[in-house]
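Below is one structure; the comments refer to it alone.
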Amino acid sequence: MGQKMDDLSRIPVSHCPKVFVQRDYSNGTTLSFQTKFPQDLEGKIDAATFQETVSKLNSMYLEAETLSGKTYCESCLACLTAYLSYICFDTHYEKMLKKIRHYIDEQNQNVYVPRGLMIIDPVERGLRVLEICVLTESSGGR
């Protein structure tokens, strides 16, 4: 519980059991993950907490992919500068990915790692799945 966010990267996850939450294609190819509670997490975290986390991630990915006047202007500026403008600033999508990464780190530190679980950023898995590593086989506190 007293771990800093930097310490989370030191947790070995290569050999731990994993639970995969698949993409939800019920609304087309919009990036979202299934909110159905996996049975493998039973007793480790309550369903409401899991669903809240996945729903928040889904809403953040939706915001990242939403087109707006700002994203239109970013694209026009990039085109006019032969895409050199992307060297100078992050796009809306990149900013949202950083925000999502921060949210995942915060959730890991405050909710998941104390319960023996750890969410892996979906970007590290090509946005195909939401991976949750089971760090301990004992049931975590609720």
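A few notes on this one:
- Restricting the range 30-41 to residues that are free of Cβ contacts under 8 Å to residues at least 40 places away in the same chain and open to solvent by 60 Å² or more (accessible area, probe 1.4 Å), the residue that is nearest to the chain's Cα centre (by Cα) is GLN34.
- LEU67, sole failed condition from (1) open to solvent by 30 Å² or more (accessible area, probe 1.4 Å); (2) in a helix (DSSP H, G or I); (3) of a type in the set (A, V, I, L, M, F, W, C): (2)
- In the range 42-64, the residues that are open to solvent by 80 Å² or more (accessible area, probe 1.4 Å) and more than 15 Å from the chain's Cα centre (by Cα): GLU42
- From ILE119, ILE100, residue being under 19 Å from ASP46 (Cα atoms) and either modelled with pLDDT under 95 or surrounded by 12 or more Cβ atoms within 10 Å (Cβ to Cβ) (or both): ILE119
- Single residue of TYR25, TYR86 found to be in a loop (DSSP other than H, G, I, E, B) and either open to solvent by 60 Å² or more (accessible area, probe 1.4 Å) or in contact with an Asp or Glu (Cβ under 6 Å, 6 or more places away or on another chain) (or both): TYR25
The values are calculated or read from the model by the stated rules, or taken from the named source; none is laboratory data. Predicted, not measured: the structure shown is a model, and the values here were computed from it. We place every Cβ from the backbone using ideal geometry, glycine too, and count neighbours over all the protein chains shown. We work out accessible area using only protein heavy atoms, side chains counted, and drop any ligands, DNA or RNA first. Shrake-Rupley method; radii C 1.70, N 1.55, O 1.52, S 1.80 Å.
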